[in-house]
Amino acid sequence: MQDILSQVINHYDVIDRFLDEPAIALVTDFFQTGRLRVQVVAIINSNPVDIVRESARQLFEEIPELIQPGGNAYTTRRHSMYLRDMDYFLRYASYAILTGNSSVLDERLLAGLRDTFNSLGIPLGVTARSVQLMKERVQQKLSEAQLGNSPFVAEPFDYIIHALSERNV
Amino acid sequence: MDESVMSIITRMIAVADLEARYLTIAELQTIRDFFEAGQQRLRIANILAANSQTIINTGTQRFWERCPVTPSNSGNPTYRASCIRDQGWYIRLVSYALIEGDTKVIDTVGIRGAKEMYTSLGIPLKNLVECMHCLKEAAMDLLSLDDGMVAMPYFDHIITGLTP
């Protein structure tokens, strides 16, 4: 696992260069948004249960078949697994906001995830939708807290959604 | 990259992830402090990068005054060029370490195995350490007192790591 600083430095070390203009701009932006990144994560961390509960409610409202008999989230056990998995995605997104890159998502969340979900019969599209709903919920909370909506907030959520989405073969 | 060379941010995330929890307020405060100090460290790293040639030239002159009998001052152009090149490498490593706020990159790239390497190349370690002292002094001459205090530990880390 690397943050964006280590990622940049490893790259420049291999080519034996000091950081050039684009790299310095990248690092400068990371440091300058640092305080805000921490504030955003503090908001997420203080309300994870609320974010997950609200997003799940909305998900089951949009796709009511999920919780009806025979649905993928039917039975209390499966329903609670949906909540657990959503919390899992939210937690890794909160980590990635701090590292400024997707390394923690790639290594600790997404590696093998598609195969696991497919083998468990969990629909990936529904999962992607739940991540999208959590993203919107987080953005709403940030607006309420007057923290604006910096692009780095959506990045990890969008990255997860993209990774879960079906690809053209 | 293995676990032992993580940054302050990724180290904290690794611990939190192991316990399947979000970062605590205390951990977030540490990361916030890291970000705030980062802007100053980045600025110093940029000064070192922009002036690396001057630092190396001054350092080299000073080194030869103190250690006139050394491979790089023997008239052998290869030794001379290698000495200057390696000083450039160490300045570069200090600039990286400043940006990361951590000496791990210095250790992994420039310290582990360095003593064995220089010994096998016939470079006296005592002279090498003196050269690093001169490099540090040349850098300190260029930086303000405050900036110098931030950069100094990274040079000292190299000196300690190469001392026989």
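Residues of region A:55-72 that are closer than 23 Å to residue A:162 by Cβ and surrounded by 16 or more Cβ atoms within 10 Å (Cβ to Cβ): A:55, A:56, A:58, A:59, A:63, A:66, A:72. The helices (runs of 4 or more DSSP H) falling completely within region B:1-70 that include 1 or more residues that are more than 22 Å from the chain's Cα centre (by Cα) and more than 26 Å from residue B:124 (Cβ to Cβ) map to B:8-18, B:25-50.
Determine whether region B:50-67 contains at least one residue that is among the hydrophobic types (A, V, I, L, M, F, W, C), within 10 Å of another protein chain (Cβ to nearest Cβ) and in contact (Cβ under 8 Å) with a residue 12 or more places away in the chain. No: zero hits. From the list B:144, B:120, the one residue that fits, being more than 29 Å from residue A:31 (Cα to Cα) and of a type in the set (S, T, N, Q), is B:120. Restricting attention to region A:12-39, and to residues there that are within 27 Å of residue B:29 (Cβ to Cβ) and not hydrophobic (A, V, I, L, M, F, W, C), which single residue is nearest to the other protein chains (Cβ to nearest Cβ)? Taking the candidates together, the pick is A:34. Where helices (runs of 4 or more DSSP H) fall wholly inside region A:54-159, the ranges with 2 or more residues that are within 21 Å of residue B:22 (Cα to Cα) are A:76-99, A:124-144.
Against the conditions (1) open to solvent by 60 Å² or more (accessible area, probe 1.4 Å); (2) under 30 Å from residue B:9 (Cβ atoms); (3) hydroxyl-bearing (Ser, Thr, Tyr), residue B:90 satisfies every one except (1). Restricting region A:1-29 to residues that are free of Cβ contacts under 8 Å to residues at least 24 places away in the same chain and of a type in the set (Asp, Glu) leaves a set whose member that is most open to solvent (accessible area, probe 1.4 Å) is A:21.
The values are calculated or read from the model by the stated rules, or taken from the named source; none is laboratory data. Not measured: the values here are computed from a predicted model. Because the Cβ atoms are built from the backbone with ideal geometry, glycine has one as well, and the counts that use them run over all protein chains shown. Heads up: the accessible areas ignore ligands, DNA and RNA and are worked out on the full protein's heavy atoms, side chains in. Shrake-Rupley method; radii C 1.70, N 1.55, O 1.52, S 1.80 Å.
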